[in-house]
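Student: Please find one structure pasted underneath; my questions will follow.
Coordinate-derived values only; no laboratory data. Just so we're clear, the structure is a prediction, and the values are computed from it rather than from any experiment. Here Cβ is always computed from backbone atoms with ideal geometry, including for glycine, and neighbour counts include all displayed protein chains.
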Amino acid sequence: METGTQKLTEGAEAGTGVFVFEESTSKPEIKWRETVRLFCSNIAALLGFIVLVVFVLAGIFGPTLYPADPFELVAAPLSGPGEFTLLGADYLGRDVFIGILYGTRATLLIALTATLVTVFIGITVGALAGFYGGMIDNVLMRITEFFQVLPPLVFSMVIVAVFSSDILVVILAIAVTTWTTEARLTRAEFLKIKEREYVLAARAMGASNLRMITRVILPNAMPPLVIAITLRIGITIIYEAALSFLGLTDPDVMTWGKMIGLSRDFFFDAWWTVTFPGLAILLVVLCIALVGDGLNDAFNPKLRGR
Amino acid sequence: MKLAIIQRILLGFVLVIAVIVLNFFLLQAAPGDVVDAMLAEAGGGDPELAAKLRASYGLDQPVFIQMLKYLGQVLKGDLGYSFYYDESVTELILGHLPTTLMLTLSALVIAVVMGTLFGVYAAMKPKGFFSNFVTVFSLFGYATPVFWLGMIILLVFALYIPLFPAYGIRSIPEPEHWFDRFLDIVNHLVLPTFTLAILYLANYSRISRASMLDVLGADYIRTARTKGLSEPKVIFKHALKNAALPVVTLAGLQLGQVFSGAVLVETVFSLPGVGPLLYESIVRRDYPVILGVLFGAAVTTIVANIITDLIYQRMDPRIQSIT
Amino acid sequence: MIGPMKQDNPPNSAKQQTPQGNTALKVDNLSVVFDVKGKPVTILSDITFSVERGETLGIIGESGCGKSMTALALMRMIPSPPGRIAGGEVNLNSENLLEVTKKRMSAVRGKEISMIFQEPMTSLNPVYTVGNQLVETIRRHKTVSATEAQEEAVELLRIVQIPAPEKRIKEYPHQLSGGMRQRIMIAMALVCNPKVLIADEPTTALDVTVQAQIFDLLKDIQQKNGTSIILITHDFGAVSEMADRVLVMYAGFKIEEGTLDEIRNHAAHPYTQGLLRSMPELSTDHDAFRTPLPEIPGSVPDLINRQPGCPFGPRCPSATAKCHEMPPMVDLGANRSVMCWLAVEEGAA
């Protein structure tokens, strides 16, 4: 390519200079700015992102701006939306709207922390296995295989049952049962990128292993990981909701899943008690999926529509 | 090839042992032991009796010996005893299994067959209406909590339009004739199966669409067309078998989850399956049952993985020559 | 030295009849347009050529010049959308293939026109046996029983010189070598003794020795059946091995056409000249191996943002201001033509 350009310039100087020829150079690094631009041109993804921001802001500032206790009995039991409260009240008279508002903070906080832990375990295991290969890879992959054999929901139910339904245990129970996906993905990316020229060059220049992993390979493995992590947040929200629904969560924290679980025996008399918290979950996770799809398209413009 | 299968089965066996060891340590970590459970059941007892019982159960021996004993027990199929149900855990689980299997297997079959067809149809017109529908459908499938969907379906089809029963698997009283009893069970399973199948279906449609789009761009599809084959033959003979490979992988994974995939749906629809058994045992802290279910679920996954590998090998001749 | 006077090609005896009755395939003003982000981009511009019975026409050009697209357009297999055939005629047996029904077209494919591809590795379906894929082709175009088709398949493998065909027929593509797979592709293309065989880079993915074997096989088949072959390649070596006549393509245009000898010895277009200079095999001067091969500067033009004027202009060593205008196709008589302003000037002078 380079010689081609050079020769052309010479040719142009030599008198044929009729045409101007431009050549684009491509570097192996990811074009983040281009990605952001592509993402913003995707209306669905942008809309999803905006809705998510609204939810996050509601989670952060809602409880401060609207001080209340989600466990407080404020209305007639099973009163419908608009009777005493905006979205109705449950069988004890707790306000559904306040529950959702306060649940936003707890749900998002637990889901984000659990995702963080999941991703941390997954990337660490995957990176070590992919980078070092050989015996380390073998051992780590056998361990991964073992964890894949345990059905996530049942396993985390067991963990919570055996230990406690403390928030920390719930977060760990989610992370311990789901990290394998990220581990396999990271390992696959590492195996692929490890052989690229710029990685070999960095190695030749004597970069330490830690530096190779965190500064050279990981940043280039990021695009697929970013997409996977985004989608993982959505899965974790639903996962946490399922555990909360089954009552396997901290008794002092109100989450969306718990609201649905608490009203299980009464929802034939009060559809609003389960419908609204469920819609909140659906909306947030849907928006995460839209953002994930948008990122996917932005990172791989050629694969659009797949 | 035979060697590969034996290797696979051996690995499966090692995994089973590992699960048993994990189970043992979880049992150790759980508060209380068999003796506590027995005494609680008997309405309390003095410490001397407790110590005697512990000795008779070998609970005073070193952990490692206990573990080996537990290992031997489980390998013989003995998962312990539930004092709450007054029944062996193995029998308890087997008793709850049929409902779970009926529910998950029918949902899985519906989802795989329809999902594949949806995916094929969507891939033929990647910009068409149906293709977009599959995309939106799979987005909702990803975002909808299955237990919530179950409740909404109950509200609509059992409460507002009372077409189907809301809970249980049999009417009380049960119909006399065996065929009516069968229809009664089917009737009870419609809504939970539909709930589970619709979310599976969303996933299968997406996977099979993507896989089909991929395969349709392959060189051998172009070859099939240059040979003058008709379009249905190109799609259903040449493309489908290749495109089905990822679908088979996913179906195999979910086949491994038949045990556990329906925990939430069964709970919502109050079906007497493994899910509610697990849930209620957790509420009652009935640890032998809880860990028995975990073990059963893990073993199902291991077996399903081996079966999936075998099917995959049959479908893709390239695999055999590698191993 | 113009005309069908080639000594080294015995099967050309058929050619000495009237040229009209012997044309196997005639392509007129074939144009293909792709929609790229809503903008129509012309991939093929007014391609015109014909192929005689038993003749081999080589289509040569760099990757992206539209030579493979030409082949797909003849088979009416342009991926659509985004592509479409914007105009022209493809006449085979006094039938315009661009106008026949889809059903008729699929009957023509594999029967009247067959095609083999560059990638024998991926062109066969990995999950079916070789026999299965051959038999289905046979039974698509002929009404024969399964056993008859099976026997015919074995016979075809024998024709393409595959040893132990009874055994090979039960094997899967991945169990065969690249050359073997390409032979199977050829066997599949020969099922109905097609009038025209399009070979799109048939040997590019193969070893040199295997390449020669495949070319020999193709020549052999051509002699026996009088098949017309359209050989699509970027390799002038392959063209000089196989072709009677050559068509040079650049950026979706036919820029030069003539017999192999004329193109090789008297190339008129600067691009063809450059192409020939970059060919080591054709150089008789042994010292030439010491000096680096000349290359054509620049790279294949971007069809989306193409400037008006001669497509080769930006890379042409002899370009003048006139080349900002599209040069006409200059007919030099008897299937010899070139698209260049230089030829116009020579003609005028």
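Student: Can you tally the net charge around C:M115? Count Lys and Arg as +1, Asp and Glu as -1, for every other residue whose Cβ sits under 11 Å from the Cβ of C:M115.
Tutor: Numbers: positive: B:R222, B:R225, B:K227, C:R109; negative: C:D200.
Local charge sum for C:M115: +3.
Student: If you don't mind, there's one more thing I want to ask. Summarise the partner chain shielding of B:215-225 as one whole number: the mean count of Cβ atoms from other chains within 10 Å of each residue's Cβ.
Tutor: Counting Cβ atoms of other protein chains within 10 Å of each residue's Cβ and averaging gives 6.
Student: Using only DSSP helix segments of four residues or longer, with each worth -39500 (n - 2.57), what per-residue ellipticity at 222 nm results for chain A after dividing by its residue count and rounding to 500?
Tutor: My calculation for chain A gives -22500 deg cm²/dmol from helical runs alone.
Student: B:F129 to C:S278: FRET efficiency via 1/(1 + (r/R0)^6), r the Cβ-Cβ distance, R0 56 Å, to the nearest 0.05? Don't skip to the end; give the middle numbers.
Tutor: Numbers: r = 51 Å, r/R0 = 0.90.
With a Förster radius of 56 Å, E is 0.65.
Student: Let me ask something additional. Could you list log10 I(q)/I(0) for segment B:2-75 at q = 0.14, 0.16, 0.20 Å⁻¹, which the Debye formula gives when each Cα is one point scatterer?
Tutor: -0.57, -0.68, -0.90
Student: Please list, in chain and number order, the residues 5+ apart from C:L247 or on another chain whose amide H is under 5 Å from its amide H, with Hs placed from the backbone.
Tutor: Close amide H contacts, sequence-distant or interchain: C:G58, C:I59, C:I60.
Student: To continue, here is another question. For segment B:82-238, report the % of Cα-Cα distances exceeding 19 Å.
Tutor: So the pairs more than 19 Å apart make up 67 percent of the total in segment B:82-238.
Student: In Å and whole numbers, how far do the C-alpha atoms of segment A:150-288 stretch along each principal axis, longest first?
Tutor: 70, 34, 24
Student: Determine, for C:M329, B:M212, C:M180, the number of other Cβ atoms within 10 Å of each Cβ, and report the residues in order from fewest to most.
Tutor: Fewest to most other Cβ atoms nearby, the residues stand as C:M329, C:M180, B:M212.
Student: 5 Å is the cut-off here: which amide hydrogens, built 1.01 Å from N in the peptide plane, fall below it relative to C:A24, excluding neighbours closer than 5 in sequence?
Tutor: The answer is C:V51, C:E52, C:R53.
Student: What is the calculated FRET efficiency for B:D86 to B:F157, with r their C-beta to C-beta distance and R₀ = 41 Å, to the nearest 0.05? Don't skip to the end; give the middle numbers.
Tutor: Numbers: r = 37 Å, r/R0 = 0.91.
Plugging the Cβ-Cβ distance into 1/(1 + (r/R0)^6) gives 0.65.
Student: Determine, for A:T35, A:T178, the number of other Cβ atoms within 10 Å of each Cβ, and report the residues in order from fewest to most.
Tutor: A:T35, A:T178
Student: Could I ask something else about it? Cα axis of helix B:287-315 to longest principal axis of chain B: angle in degrees, 0 to 90, nearest 10?
Tutor: Rounded to the nearest ten degrees, it is 30.
Student: A follow-up question, please. Over 27 Å apart: what share of the alpha carbon pairs of chain A falls there, rounded to a whole percent?
Tutor: Everything past 27 Å amounts to 56 percent.
Student: Roughly how many debye, to the nearest 20, is the charge dipole of the protein assembly as shown about its Cα centre, given +1 on each Lys and Arg Cβ, -1 on each Asp and Glu Cβ, and no other charges?
Tutor: 1620
Student: With +1 on the Cβ of every Lys and Arg and -1 on the Cβ of every Asp and Glu, and nothing else charged, how large is the dipole of chain B about its Cα centre, in debye rounded to the nearest 20? Walk me through the intermediate numbers first.
Tutor: On the way: 22 positive and 22 negative charges, 446 e Å.
Here chain B has a charge dipole of around 2140 debye.
Student: Would you calculate the separation in nanometres between label points at A:S41 and B:L105, each defined as 7 Å from the Cα along the Cα-to-beta-carbon direction?
Tutor: Calculated label separation equals 5.2 nm.
Student: Rounded, prolate or oblate, given the Cα gyration tensor of chain B, with a/c below 1.5 counting as rounded? Write down the numbers at each step before the final one.
Tutor: Numbers: a/c = 2.94, a/b = 1.57, b/c = 1.87.
Because a/c hits 1.5 or more and a/b fails to exceed b/c, chain B counts as oblate.
Student: Now for a different question. Mind checking which of A:W256, B:Y204, A:P63 is farthest towards the positive end of the protein assembly as shown's charge dipole, using Cβ charges of +1 (Lys, Arg) and -1 (Asp, Glu) about the Cα centre?
Tutor: The residue sitting farthest along the positive end of the dipole is B:Y204.
Student: If you don't mind, another one. Give the dimensionless ratio obtained when the Cα radius of gyration of the protein assembly as shown is divided by 2.2 N^0.38 Å.
Tutor: In units of the 2.2 N^0.38 Å rule of thumb, it is 1.17.
Student: Next question. Nearest 5 percent is fine: what portion of the DSSP beta bridges confined to the protein assembly as shown is antiparallel?
Tutor: That works out to approximately 65 percent antiparallel.
Student: Other chains' Cβ within 10 Å of C:122-134 residues: what's the mean? Walk me through the numbers on the way to the answer.
Tutor: Values: counts 5, 8, 4, 12, 7, 11, 7, 1, 0, 0, 1, 7, 1.
Mean shielding by partner chains, rounded to a whole number: 5.
Student: Also: Set Lys and Arg Cβ to +1 and Asp and Glu Cβ to -1, take the dipole of segment B:90-322 about its Cα centre, and tell me which of B:V146, B:Q254, B:L189 lies farthest positive.
Tutor: B:Q254
Student: Now for a different question. Can you pull the one-decimal nm distance between simple spin-label points at B:R314 and A:F71, each 7 Å off the Cα toward Cβ?
Tutor: Using points 7 Å along Cα→Cβ, the separation is 5.6 nm.
Student: By counting other Cβ atoms within 10 Å of each Cβ, how are C:E52, A:E34 ranked from fewest to most?
Tutor: A:E34, C:E52
Student: Ok, one more. 5 Å is the cut-off here: which amide hydrogens, built 1.01 Å from N in the peptide plane, fall below it relative to C:F312, excluding neighbours closer than 5 in sequence?
Tutor: Under 5 Å from the amide H of C:F312: no residue qualifies.
Student: Related question: So what is the calculated 222 nm ellipticity per residue for chain B, using -39500 (n - 2.57) for each DSSP H run with n of 4 or more, over all residues, to the nearest 500 deg cm²/dmol?
Tutor: Working: 14 runs with 235 residues, N = 323.
Using -39500 (n - 2.57) per qualifying helix, the result is -24500 deg cm²/dmol.
Student: With the crude spin-label approximation of a point 7 Å out along Cα→Cβ, what separation in nm comes out for C:D220 versus C:T101?
Tutor: So the label points at C:D220 and C:T101 sit 4.0 nm apart.
Student: Which of the pairs A:K194/C:K37; B:K233/C:K111; B:K227/C:K219; C:K170/C:K224; C:K224/C:K254; C:K26/C:K224 have their Cα atoms more than 24 Å apart in this structure?
Tutor: A:K194/C:K37; C:K170/C:K224; C:K224/C:K254
Student: Please average, across the residues of B:156-165, the number of beta carbons from any other chain that are within 10 Å of each residue's own beta carbon, and give a whole number.
Tutor: Average per residue, whole number: 1.
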